[in-house]
Amino acid sequence: MGTSLYKLLLLATVVSALEAKNGQLKERLMEQDGRMNARIDSVETLAQAVLSQLNQHLHDENTKQVSFHATGLSNLTPSEGAVLFPTNVLNNQGNGYNPSTGKFTAPFNGTYCFLATLWGDGVDHYIAVYLMVDGKQELFVETTFGRDGDSDAASLQAVVDARAGQSVWLQVLFDSNQFSPYPVSNSFSGFLVSYDP
């Protein structure tokens, strides 16, 4: 009888220890579960932030589209320092180009690409033109025609970081520039490469 009681007491002690161990394991599992839930919440928050940024980027790409293309010049023999005025506007997405001033004004911060093709003709004349960005000389192109009255062409291309409100235009250097009157021989164009919020 004493042995059975001893065995029962021993068994009760083992059961009690197992119950305590079980309680500790449950606490650990609950802690791990809490940490896991916190990690899941953190990942979900991060995923929502990335998705929100992606949606904003896609929205910006769809709504912040800018391009322009204008041909023809109103001033074929401009005076020194004059702005060239391509007046035949074929495209003006975003309404950044103003044909009455010859200037493009950036509607958004970003990287823009500008291009110009200029055709000149006349004895002892030339093309000498700057691409101006907000009053700063960004790029220069020059070509001189021969004494026999040959024609010649010049082109320029620049990729420029511009802030909203900054203007870009073509400006002649000297007073002996002479451009072709052919309507599509001179052009100025540009487009937004990437938007910078």
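The values are calculated or read from the model by the stated rules, or taken from the named source; none is laboratory data. All figures in this text were calculated on a predicted structure; none of them were measured in a lab. Note: ideal-geometry Cβ built from the backbone for every residue, glycine included; neighbour counts use all protein chains shown. Note: accessible area is taken over every heavy atom of the protein model, side chains too, but ligands, DNA and RNA are not part of it. Shrake-Rupley method; radii C 1.70, N 1.55, O 1.52, S 1.80 Å.
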Among the residues of region 112-124, are any closer than 16 Å to residue 66 by Cα and either crowded, with 18+ Cβ neighbours inside 10 Å or in contact with a Cys (Cβ under 7 Å, 6 or more places away or on another chain) (or both)?
yes
Just to be sure before I move on: is residue 165 open to solvent by less than 60 Å² (accessible area, probe 1.4 Å), of a type outside the set (Val, Ile, Thr) and in a loop (DSSP other than H, G, I, E, B) in the structure I sent?
yes
When residues of region 71-102 are limited to those that are over 23 Å from residue 176 (Cα atoms) and open to solvent by less than 20 Å² (accessible area, probe 1.4 Å), the one farthest from the chain's Cα centre (by Cα)
97
Matching residues, region 169-190, being open to solvent by 20 Å² or more (accessible area, probe 1.4 Å), within 22 Å of residue 66 (Cβ to Cβ) and among the aromatic types (Phe, Trp, Tyr)
169
From the set of residues in region 168-197 that are among the aromatic types (Phe, Trp, Tyr) and assigned to a strand (DSSP E or B), which is modelled with the lowest pLDDT?
179
